[in-house]
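The values are calculated or read from the model by the stated rules, or taken from the named source; none is laboratory data. Quick caveat, the model's predicted, so the values are computed rather than measured. Quick reminder, even Gly has a Cβ in these numbers, built from the backbone with ideal geometry, and neighbours come from all protein chains shown. Ligands, DNA and RNA are excluded from the accessible area calculation, which covers all protein heavy atoms including side chains. Shrake-Rupley method; radii C 1.70, N 1.55, O 1.52, S 1.80 Å.
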Amino acid sequence: MLNNKQSLILSGIMAGSVFVFGIIDLLDNFVVLTVLTLIFFTIIINLFYVSSKQKEDKQEQDDLK
């Protein structure tokens, strides 16, 4: 899904956005919350996807031995 560089960029955007929108007091805005929530869920889903993919690859390698 996403590679490591893209995940780090999304994490940085998420952290920076929370900081900036918190300072200018826009975290209560529906659009801002929606975008931040989508970024957060994208990172979390990617984390689980990559983790399960690595387990499958490791299991396939073990089966070949």
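Which residues, counting only those in the stretch 51-65, are under 15 Å from residue 3 (Cβ atoms) and open to solvent by 100 Å² or more (accessible area, probe 1.4 Å)?
Correct list: 54 only.
What about residue 33, is it in a loop (DSSP other than H, G, I, E, B), of a type outside the set (Phe, Trp, Tyr) and under 21 Å from residue 9 (Cα atoms)?
Considered against the rule, which asks whether it is in a loop (DSSP other than H, G, I, E, B), of a type outside the set (Phe, Trp, Tyr) and under 21 Å from residue 9 (Cα atoms), residue 33 comes out as no.
Suppose we filter the stretch 13-46 for residues that are closer than 22 Å to residue 3 by Cβ and either touching a residue at least 40 places away in the same chain (Cβ under 8 Å) or among the β-branched types (Val, Ile, Thr) (or both); how many remain?
Going through the stretch 13-46 one residue at a time, the tally reaches 8.
Would you call residue 48 of a type in the set (Phe, Trp, Tyr), out of contact with any strand residue (DSSP E or B) (no Cβ under 8 Å at 6 or more places or on another chain) and open to solvent by 100 Å² or more (accessible area, probe 1.4 Å)?
Details: of a type in the set (Phe, Trp, Tyr): yes; out of contact with any strand residue (DSSP E or B) (no Cβ under 8 Å at 6 or more places or on another chain): yes; open to solvent by 100 Å² or more (accessible area, probe 1.4 Å): yes.
So residue 48 fits the description; yes.
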